[in-house]
Every structure is written in C-alpha cells, then in structure tokens.
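Heads up, the thing below is written out as structure tokens.
The values are calculated or read from the model by the stated rules, or taken from the named source; none is laboratory data. These numbers come from a predicted model, not from an experiment. Using ideal geometry, Cβ is built from the backbone for each residue, glycine included, and neighbour counts are taken over all protein chains shown. Ligands, DNA and RNA are stripped out before the accessible areas are found, and what is left, the full protein with its side chains, is counted by its heavy atoms. Shrake-Rupley method; radii C 1.70, N 1.55, O 1.52, S 1.80 Å.
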Amino acid sequence: ISRTFSPVPDLIYDYYLWSASAGDWVFNRTFTVGAAAASRDDIESPYMDEATLGFDAKLSPSMAWGVNAVYRVWKKGIEDNDGEAFGSNPAADGNYHFQNLGKFRENKGIELSLKKMLSGGKFQFLSSYTYSEAEGYWDDTDANATYRDNPYSFYNYWGPVSYDYNHVVKFNGSYFLPFGFLVGGKFSYLSGPPYSTTAQVRTSASSPWPSRNFSNYFLEPRGSNRLPDIWRMDLRLEWSHKFGPISAGLFADIFNVTDNQEAVAIDADVGRVTLAGDEPGAAYTVTLPNANYGNYTQWQAPRSYFV
C-alpha cells in the first residue's frame, strides 16, 4: 500500500458558478482533484481470517452427503476522514487522514449437500441447502468508501450487506435418454436480500459540488428490510451423435421456465432530511422528498430461449 497514497493532486482548476443577477459566470474557488493524504507509518494491510470444518460420507456407492461450516472475518480495513471538522477527524486541514478499522465484514454459514455420481450411465445430480449471514460496514474491500467521513456516515452502518441471502437452495441434475438425448435442469431459491432505508443529510455548505454537501444516512440499522424471495428453474434438452470421427450436437435451453419476475432492487432513499439538532438518530423532517422512493428498480430477467 502506497505510504503517501496521493501526495500530488491529480488536477487543479478554477470553478465558476452561474450568477443570474450578474448574467455571467462568477469565480467560486480553485478546486483540486486528488487531495493530499496524510502519511502514516502504522497503516496495515487488510486481511481475512477463515475457519472451515467439513464432513462427507457415502450413503451408497454412487451417493454421498456432506456438511460444511465456514466462518470468515475481514479486518484492518483502510478508511479515511476527509478533512471535515467532524467527530474522530484528527485535523480538519483538508487532507485525507487514513486509519485502520477493526472488523469490517463478517460471513458465517453452514451448507448441507447431497450428491449423486453418474451411475449406470443415466442420472446424476448435485444439491445443497445453505444458511448464512453476511454483515459489515460495506460490501467489498474497497477502501474508497463513504464510511467515517462524518458522524452521519457511520450511524447505523453495521448490518447485513447486499448479498446476505440467508437461505439458498440449489439443485443441478441431468438424465441420459436413449438415442443420444440428454435432459438437464437447474433450480435455485434465494431468500430475499436486504435493503436499507436511507436519506441525505447536509454536512457542508462549503463544497462547490452540490452532491458533496450531503451525506448518505441510514434512517434505520443497515439491512432492516428484505426484498421478495427469488426462485428460478432452467431446463436443457440436448442431442449428440458421432459421425465417424466427428461429434455433432444440438441443444435448446429455456431460462426461467416459469417466467418469474420478482423485484431484485428498490429505491429506498427517502430524499433529503433535516435532523433535530443535527444529531444522528434524532427525529427527522423530509425537506426534499424522493419521488421514486419505494419503487422497485430491477426485476428478474424474463423467460428466454437459446438454441
């Protein structure tokens, strides 16, 4: 990890705002992209600890079951305070002050599996059920996050992350028919993923960029809500034949056979709010509502065919 991150600004330019009264662009400030970072010798690299425990056993010469438990924890995440005069920021001097976090993500789960080998040249499958929990401050290991930039940006931040599907069932199988035909299928079920009700609160009036005057704010603990459960089934019919040294085949896939189209994403931002006393967790008033709040934004892909 670079000791000084970005000691030289990438770009420096003047920023102008339109003045209706003057009928012209008026100088606002000189803006730098890639602000300087305060050097620290005690920053450590992020890492992950993992513990797994598994057991497999035969039920018959062609069938086996298993159980597998996994625990993973990510530590030493790198995050910054961005120079605003807030909370734990050591110096509101316009620099980025990087720091190591403790635990910033945690996954734990247990998987039960049942699998059958291809015996007698006919039938095979792999199936599993998984219960898991995935929590953290953000979804990945990217240090360029908005966490800890001000008191609002880490209030209610810990909780289930976007891929926290608590219950997952999977089945993949195929069966060989006479005359070179094969039929195969895949079924998957995932319990609804979490989402969080958020808002935008004002944190600064000095930035020339309007979006930077506001911070993302969790109105309730992260992951307090769930989208609908998702399930889907895909099928394949395949035919193959050998013509001397040449093998040829034809297959047809049907994806999402039952044409399920459950919602998989939602706009959960209520808009801009004002907090009583500007205190995290206080009562709030919506000052600029988001007209799309509560509307679904993505759905499962519809039924499709591939030949």
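Do any strands (runs of 3 or more DSSP E) lying entirely in the stretch 129-220 carry at least 2 residues that are touching a strand residue (DSSP E or B) at 6+ places or on another chain (Cβ under 7 Å), farther than 22 Å from N100 by Cβ and at pLDDT 95 or above, and which ones are they? Before the answer, list the steps.
Details: elements: 167-176, 181-190, 198-202, 214-218.
By residue number, 167-176, 181-190.
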Report the residue count in the stretch 236-290 for those that are in a strand (DSSP E or B) and among the acidic types (D, E).
3
Answer yes or no as to whether S247 is within 30 Å of G184 (Cα to Cα), at pLDDT below 95 and in contact with a helix residue (DSSP H, G or I) (Cβ under 9 Å, 6 or more places away or on another chain).
no
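Looking at R29, R72, can you tell me which residue is more than 30 Å from F214 (Cβ to Cβ), outside any loop (DSSP other than H, G, I, E, B) and modelled with pLDDT of 60 or more? It would help to see each step written out before you state the result.
Numbers: R29 fails: more than 30 Å from F214 (Cβ to Cβ).
None of the others qualify; the one that does is R72.
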Out of (1) without any contact (Cβ under 8 Å) to a residue 60 or more places away in the chain; (2) open to solvent by 70 Å² or more (accessible area, probe 1.4 Å), what's the single condition that is false for H241?
(1)
